[in-house]
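Below: one structure, written as structure tokens.
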Amino acid sequence: MLLEVRQLAFCRGGIPVFSPVDFVLNAGESIRVVGPNGSGKTSLLRLLSGLSRPDGGTILWQQKSVSKSLLDFYKNIVFLGHDLGLKQQLTAWENLQLSLSMWGAIASKSSVSAVLERLDLVGLINRPVMKMSAGQKRRVSLARLELLSHRQLWILDEPFTSLDSGTVEYLIGLLRKHTESGGLLIFTTHQDVDSISSVKTLELGVTC
Amino acid sequence: MLLEVRQLAFCRGGIPVFSPVDFVLNAGESIRVVGPNGSGKTSLLRLLSGLSRPDGGTILWQQKSVSKSLLDFYKNIVFLGHDLGLKQQLTAWENLQLSLSMWGAIASKSSVSAVLERLDLVGLINRPVMKMSAGQKRRVSLARLELLSHRQLWILDEPFTSLDSGTVEYLIGLLRKHTESGGLLIFTTHQDVDSISSVKTLELGVTC
Amino acid sequence: MSFWKFSSPQTFYPVAKKLSVIFFVLAAVLTIWGLYIGFFVAPTDFQQGESYRIIFIHVPAAWMSMFIYLVMAFWAGVGLIWNTRLSSMMAHALAPTGAMMTFVALWTGALWGRPTWGTWWVWDARLTSELVLLFLYVGYIVLRSSIDDPRRGDRASAVLALVGVVNVPIIYFSVQWWNTLHQGASVSLTKSPSMASSMLLGMLVMALAFWMYSIAVSLVRVRKIIRQRESNASWLSESAG
Amino acid sequence: MLTAFHIVLRRELLLALRQRSDLFTVFFFFLIVSSLFPLAIGPELSTLQLIGPGVIWVGALLSSLLVLHRLFESDYSDGSLEQLMLSGEPLTILVLGKVIAHWCIAGLPLVLVAPLIGLQFSLPTSSLMTLTLTLLIGTPVLSMFGSIGAALTIGLRGGSALSSLLILPFYVPVLIFGAGAVGAQLQGLDISGHLSILIAMLCFSIGLAPLAIAGAVKIALE
Amino acid sequence: MLTAFHIVLRRELLLALRQRSDLFTVFFFFLIVSSLFPLAIGPELSTLQLIGPGVIWVGALLSSLLVLHRLFESDYSDGSLEQLMLSGEPLTILVLGKVIAHWCIAGLPLVLVAPLIGLQFSLPTSSLMTLTLTLLIGTPVLSMFGSIGAALTIGLRGGSALSSLLILPFYVPVLIFGAGAVGAQLQGLDISGHLSILIAMLCFSIGLAPLAIAGAVKIALE
Ligand code: HEM
Ligand SMILES: Nc1ncnc2c1ncn2[C@@H]1O[C@H](COP(=O)(O)OP(=O)(O)OP(=O)(O)O)[C@@H](O)[C@H]1O
Ligand SMILES: Nc1ncnc2c1ncn2[C@@H]1O[C@H](COP(=O)(O)OP(=O)(O)OP(=O)(O)O)[C@@H](O)[C@H]1O
Ligand SMILES: [Mg+2]
Ligand SMILES: [Mg+2]
């Protein structure tokens, strides 16, 4: 019981966005949050990553309440939202290097290149992110994922957006590897990616 | 031969992005531009909509060169790019009303509501776009499409992004209706949408 | 054919090298001659004593600062309208020299103002508009360098250069339009000159020298820009000049 | 064409209204900047009267600069600038609408409040009238030239600061003649020369700026 | 913690360097604004000397304001602010890094160039030194207080103008004592009082501002 969520509730303008959420996630498990547009998936993921504060209920990480030790909790997660968190005018290499050292991971040029190689970005390593296509930017932000695989809980909001089919497959493989090595995964997507194994689904929808 | 593209070339920093493109599109036909990330789909679509200038080749609309009568050409197309073109602080209704009147279409409240009804946005019509989810924003921008169906050439860059499966189906229906009534369609997507009929594909990839 | 042939960077590149050498030599010879006249031939001024000799730098620099701006705006405009790469590069190459000339004119003017007007600086129309010219050059250079896409950079900075052209007549005619501390034009094509002929000769020779220097430096710089921009074109490595 | 102009103008004003703070902000910024100087310089009456017109003009200029960058930037980053362009209406007309909207937000209110601020600097009534008049002619010129800079720096990081840098040289002549007219009148001199130059600049900028702006917008979208 | 501070500082300076124009811009804006006043007010030497310190201080203040809004806004809009926060380092340290970077870009260069501009206003050497000293103490205070305003207006359209409005009242005391010190010295008065108040404000802002900024950032991200 690494992550336990009890009666988690969230309101916007006084109205609950989704009916209270309960679930438990153990090492190696993954959960896919599903629901139509506007059902509150993004809101839920931001709650789970500690970015917004719940209006009710608790999130426990290793039996401890997340809201009480937020900084420690942050050190266990990777969150990728709708926005990529890349600086447009820095190159792929600079972006990765800065965010990794910020996150306390060692960013050796060789390990970074290996990852970029797999993402087909090698030729672009010294190009400002600004000058990349939508999918290439996404890939740069995904490179962080592999480099931060020691962080246990991955929270990904529509990670497959703008990716071509090859990269989607790469990402699915990466996610599988993460859960197989004991990581936790929470993600959303509207696309059909049935090839991720042992996925629970959490259906949002009815607002009470 | 409504739209004819001959040897269209585009360079970035002196290097051609894709090998020269040739195709012809007649009334009722649609074309899907495919290629991996960074192969130049967005660049091509912006060229075809007259937003960027080609480095070689010509685009003919009804036998006339587009670059010579750009304003007239604009009056025949709808372009939806990676960015939505919505003002975040205006409501859905205000956004639609402004852009439609700008584009010379009549925006009666009843026709707009009918479309928003189909897009499941009725409850949100007076909410600022800022306060919508990613998919809801997309839907508002798609509402323009149905309201501008008299414009013959639709150019859509990854229109299915962030949409839930219900809305994807609605959109596919809309696209089919457009081509069946003699409209032209050029689009890209990385998702599998094989249900659009009579689609040619244009493969980008090899840069010469 | 002969002229348009040179409008491609490829043919211009080697030509520019030869030309720049010629112009450097011309500039050096003229400078020596001009300075000789300025310091040894021209008489001491009866009002200002020796300090007036700064005129031999000040006036040519001031002329060139305006002239280079016009040429720069011309090439930028040509590049904007006909989309010729080389003209944009020329405009780009001229800007730093123009900025330097403007700076020299301001600096020597300030030096000169101290003994004659008793102050380094006054906010009169000519001085101000010359300062504005410096800001225009700086704006042009900064705008150009903050846009990474060379084509967009060329075109956007061309718009700025063209809009800025209005400032040049303001500088030139400011002494006529407003009552200023600064001296009016003493060299004109229609009137006979109002200064000693050796003084005039020295000034003209120095102006010519500055002119030749500007051309030479711009040619060198344009070669550098061509090298940067066309680094992926094959002809550069072949000709390796 | 007229409709297009009209729609753009309405659109901009609607946006400003929706973000009510926009309107207040320019206004209060102007008030505060003009009040900073008496604070920084000291309260002697004669000095205040001397610097009053200059300070008010510089305040107007900086306030106009303040909201300038947003004029195109926000439309660019959310993609509505390209949608505007694709409407098929002449771009010069559309940008003219935007510029005039900018003036309604960042020029007109200043013109209206300037006499009040002038009172703070104990300017005489006749000077207050001249001040208002010069601002009325001069602020549209500021909006016009300013928009050129804003359009040239669309999409550049640091664009706001960069565009200030590009624009300020063009503002200088407006400032000199605007503030100069009030100063000259305080000294009892004739100001028709100043005014005619200001009017000439206005005509010139109305003729030239829309073209330059439209060109710059096109370049930015390419 | 120190590493985190160091990395943020490096990151910001790298960003500024990458956009070389950023550095130039603040600098030239300062130059131009300080040159606007003599233009608007007229060339009399005695007046210029009188208003010189005030103008330079107001110029420094406005230049500092100019790039302030970008401090958090661009990080917010591309999602890197939330990534910074998720790094698990204390937010106060991270924002302190950003504030100090802002000072290096928009404060330090002004301190260095101010004496040159003072010369234009024909200030005597001793005043130039006081001017530089007060700017050296005062500009960090401007950066600190300014960042609070910038953090409070994250993500609001028109935030740049709104934050200027929020900040300016806090800037006023700095301005009064900073410019006041130079003015007092010109009149031959003792300025140690002015200086100690400035230093007190500096200490106070260093203690308080990071907390306030971190709080504001958290609220904005929720
Ligand atoms: C920073 C201060 C100054 C600036 C920016 C400046 C600027 C200029 C400019 C732009 C010109 C060329 C305009 C033309 O050809 O009509 C010029 C010419 C000239 N300047 Fe200055 N000037 C400054 C100070 C001075 C001073 C202090 C003197 C001497 C008292 C002076 C004497 C002249 C003369 C004699 C000419 C040549 C005019 C002619 O023959 O046409 N300038 N200056
Ligand atoms: N602003 C830019 N400056 C320079 N190069 C760019 C710029 N934008 C994109 N590119 C490059 O041009 C190529 C084509 O980009 P484009 O955006 O057209 O690709 P795309 O096919 O739309 O990709 P995606 O599927 O990721 O959206 C890419 O290799 C990209 O790196
Ligand atoms: N800033 C906001 N203020 C108020 N309401 C909001 C805001 N953002 C989103 N909402 C509303 O909250 C609800 C949940 O939004 P959320 O973004 O979590 O949906 P989602 O499931 O991620 O949708 P999508 O599939 O479109 O991304 C939606 O109904 C939306 O309209
Ligand atoms: Mg979402
Ligand atoms: Mg694309």
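Coordinate-derived values only; no laboratory data. Please read all numbers here as calculations on a predicted model, not as lab measurements. All Cβ positions, even for glycine, are placed from backbone atoms using ideal geometry, and neighbour counts span all protein chains on display.
Numerical summary
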quantity: Calculated FRET value between residue C:148 and residue C:107, using beta carbons and R₀ = 41 Å, to 0.05; calculated: 0.80
quantity: Net charge contributed by nearby residues that have their C-beta within less than 15 Å of residue B:116 (K/R +1, D/E -1); calculated: +3
quantity: For the stretch B:1-155, with +1 on Lys and Arg beta carbons and -1 on Asp and Glu, the positive-most of B:65, B:40, B:134 along the dipole; calculated: B:134
quantity: Highest-first arrangement of B:132-141, E:166-175, where packing means the average Cβ count within 10 Å; calculated: B:132-141, E:166-175
quantity: Stokes-Einstein D in µm²/s, Kirkwood radius over Cα pairs - the stretch B:22-151 at 25 °C with 0.890 mPa s viscosity; calculated: 148
quantity: Dipole-positive endmost among C:25, C:117, C:58 within the stretch C:1-130 (Cβ charges, Cα centre); calculated: C:25
quantity: Global geometry of the stretch E:159-222, whether rounded, prolate or oblate, following the gyration tensor of its Cα atoms and the 1.5 cut on a/c; calculated: oblate
quantity: Options D:137, D:31, C:98, ranked by Cα towards positive dipole end of the protein assembly as shown, top entry (Cβ charges); calculated: C:98
quantity: Within the stretch E:74-222: Cβ-based charge dipole about Cα centre, in debye rounded to nearest 20 (Lys, Arg +1; Asp, Glu -1); calculated: 200
quantity: Average beta carbon contacts from partner chains per residue of B:128-134, 10 Å cutoff; calculated: 4
quantity: Length-normalised contact order of chain D in % [C-alpha pairs under 8 Å, at least 6 apart]; calculated: 26
quantity: Neighbouring partner chain Cβ atoms per residue of D:53-65, average, 10 Å criterion; calculated: 4
quantity: Cα gyration tensor category, rounded, prolate or oblate, for the stretch B:96-188 with a/c compared to 1.5; calculated: oblate
quantity: Segments A:30-37, E:51-58, A:122-129 sorted - mean Cβ within 10 Å per residue, highest first; calculated: E:51-58, A:30-37, A:122-129
quantity: Simple Cβ-charge dipole of the stretch D:1-143, Lys/Arg +1 and Asp/Glu -1, about Cα centre, in debye nearest 20; calculated: 240
quantity: Rg to Rh, two decimals, where the stretch C:1-129 supplies the alpha carbon set and Rh follows Kirkwood; calculated: 1.09
quantity: Net lengthening on full extension, residue D:44/residue D:204 (0.36 nm per residue, minus Cα-Cα); calculated: 53.6 nm
quantity: Test item: C:140-152 mean partner chain Cβ contacts at 10 Å; calculated: 6
quantity: Extension gain from residue B:181 to residue B:149, taking 0.36 nm per residue of separation minus the Cα-Cα distance; calculated: 10.5 nm
quantity: The protein assembly as shown: calculated mean residue ellipticity at 222 nm from DSSP helix runs of at least 4, using -39500 (n - 2.57); calculated: -21000 deg cm²/dmol
quantity: Taking the stretch A:47-193 and dividing mean pair separation by its residue count, relative contact order in percent (alpha carbons under 8 Å, at least six apart); calculated: 25
quantity: Cβ-derived FRET efficiency at R0 30 Å, residue D:2 paired with residue B:109, nearest 0.05; calculated: 0.80
quantity: Order of B:60, B:116, E:110 under a 10 Å beta carbon neighbour criterion, fewest first; calculated: B:60, B:116, E:110
quantity: Built amide H within the under 5 Å cut-off of residue B:12, gap 5+; calculated: B:17
quantity: Beta bridges per DSSP with both ends in the protein assembly as shown, % antiparallel, nearest 5; calculated: 45
quantity: The stretch C:43-187, relative contact order [Cα under 8 Å, separation at least 6], %; calculated: 27
quantity: R0 of 56 Å, Cβ-Cβ distance residue E:211-residue D:190: FRET efficiency to nearest 0.05; calculated: 0.40
quantity: Residues of type lysines that residue B:87 reaches as a straight line, Cα spacing below 16 Å, ignoring anything fewer than 8 places off in the same chain; calculated: B:131, B:137, D:98
quantity: Rg and Dmax of the protein assembly as shown, Cα atoms only, in Å; calculated: 31.3, 100
quantity: Estimated dipole of the protein assembly as shown in Debye, rounded to 20 [Cβ of Lys and Arg +1, of Asp and Glu -1, Cα centre]; calculated: 1020
quantity: At least 18 Å along the helix axis (C-alpha) and Kyte average at least 0.0, DSSP helices within chain E; calculated: E:2-18, E:20-41, E:45-66, E:91-106, E:108-120, E:125-152, E:159-186, E:192-221
